[in-house]
Amino acid sequence: MGELTLKAPAKLNLTLDILRRREDGYHDLRMVMQSISLCDTVTVRTETGGGGMTVDCGGAPLPAGPENLAWKAAAAFFAATGCSGGGVELVLQKRIPAQAGMAGGSADAAAVLRALKALCRPALSGEELEKIGAKVGSDVPFCVRGGTALAEGRGERLHDFSPLPACWIVLCKPNFGLPTPALFARVRVEALCRHPDTGAMEAALAAGDLCAAGRQLCNVFEEVLTPEERFEIEKIENSLRKNGALGAAMTGSGPTVFGLFSREREARQAEKTLKAEYSQVFLANPI
Ligand code: C5P
């Protein structure tokens, strides 16, 4: 039997821009993505003898069958490589909230792909593994690669960026979920007013300038929120800024909001302030 346990880090969008709606129903995006220390833990066991596949979500309210992205990733891996797992068990220990804009499901899928590559040892480059990931979901290629990257196209065209400088990140998920397809459906690209300056974010990262990166945080999805959703998101952003955040924005299709801090003391104070009102507040670092 083979067994490997890997961390599955969440991602943040330092920027998220929507360029156009495509014929295939997807959107062309331009996003600066960052892996963070908030993570799930994924254990993959192969050659368990059964021949089938099982997913254990550790009690989290997630599908434990073929609809789970971790299962889909393993199935896509075996189809693409011709390897057979000889009975596979996937065990997910969830910490990343679902429907939060942090790619929790994609992170688990990417960890499954990386673990299966290490356990089954097919002749496969990192880029080929990312391509298998693209079949599972738009955020999976970035989650396979990790770090800091520009993601374009559906999210599968990746270009490494300089890392976000060491900092403290406070994340807060308000008590509602925003399903990604529903939020994309609200977008009229030509009606978007404020787009991120991706070049300025790239320059801020290249210069290792955390203050400038904080100023460039921008997510076009914030423009398509309902007034009630927007009120909640801006309330959290204002709380983060009041406690010293260098910038704050929503990540992905939301609704999680995050702020960047250079000082741990201020980050911990911001975390404490938000915890008085919200149940899902996290402190993390870039990785
Ligand atoms: O690729 P994934 O299954 O994660 O995408 C979920 C949904 O998000 C898609 O069905 C689509 O509605 C939307 N999406 C999009 N354009 C992208 C990525 C996702 O419209 N680039």
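The values are calculated or read from the model by the stated rules, or taken from the named source; none is laboratory data. Quick caveat: nothing in here was measured; it's all calculated off a predicted structure. Using ideal geometry, Cβ is built from the backbone for each residue, glycine included, and neighbour counts are taken over all protein chains shown. Side chains are part of the model used for accessible areas, which takes the heavy atoms of the whole protein and leaves out ligands, DNA and RNA. Shrake-Rupley method; radii C 1.70, N 1.55, O 1.52, S 1.80 Å.
Listed values, structure above:
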| quantity | calculated |
| --- | --- |
| Under 9 Å, Cβ to Cβ, from THR198 - net charge with Lys/Arg +1 and Asp/Glu -1 | -2 |
| Area of VAL189 that stays accessible when all protein chains are in place (1.4 Å probe, Å², to 10) | 30 |
| Among 132-140, 230-238, the order from most to least packed when residues are scored by Cβ within 10 Å on average | 132-140, 230-238 |
| Neighbour net charge for ILE96 - beta-carbon separation under 9 angstrom, K R +1, D E -1 | 0 |
| Built amide H within the under 5 Å cut-off of ASP197, gap 5+ | none |
| Accessible surface, the range 1-105, averaged per residue in Å² (probe 1.4 Å) | 42 |
| Cα pair distances of the range 8-56 binned at 10 Å [whole percent] | 19, 25, 23, 26, 7 |
| Most positive-pole-ward Cα, VAL44, LEU4, TRP168, against dipole of the chain from beta carbon charges | TRP168 |
| At least 20 Å along the helix axis (C-alpha) and Kyte average at least -1.0, DSSP helices within the chain | 104-120 |
| Top of MET201, MET53, MET250 by mean-square fluctuation, Gaussian network on the chain, Cα under 10 Å | MET53 |
| Within the range 8-122: Cβ-based charge dipole about Cα centre, in debye rounded to nearest 20 (Lys, Arg +1; Asp, Glu -1) | 280 |
| Cα-centre dipole for the chain with unit charges at Cβ (Lys and Arg positive, Asp and Glu negative), debye to 20 | 340 |
| Protein accessible area in the chain, 1.4 Å probe - carbon and sulfur % | 50 |
| Assigned charges on the beta-carbon of Lys, Arg, Asp, Glu; the range 201-287 dipole about Cα centre (debye) | 420 |
| Estimated inter-spin distance, MET1 and GLU128, nm [label 7 Å along Cα→Cβ] | 2.9 |
| Accessible area of the range 151-197 divided out per residue, in Å², using a probe of 1.4 angstrom | 52 |
| Under-18-angstrom lysine pairs by C-alpha in the range 1-144, whenever the two are 8 or more apart or on separate chains | 9 |
| All aspartates and glutamates inside 20 Å of LYS235 as judged from Cα atoms, apart from same-chain residues fewer than 8 positions distant | GLU222, GLU223, GLU266, GLU271, GLU277 |
| Solitary cysteines of the chain, where the nearest other Cys Cβ is not under 4.7 Å | CYS39, CYS57, CYS143, CYS167, CYS172, CYS193, CYS211, CYS218 |
| Amide H contacts under 5 Å for ARG157, placed H, 5+ residues apart | GLU152 |
| Cα-based equivalent ellipsoid, the chain: semi-axes from gyration tensor eigenvalues, Å | 32, 20, 18 |
| Positive-pole candidate from LEU192, GLY208, ILE236, dipole of the range 181-248, charges at beta carbon | ILE236 |
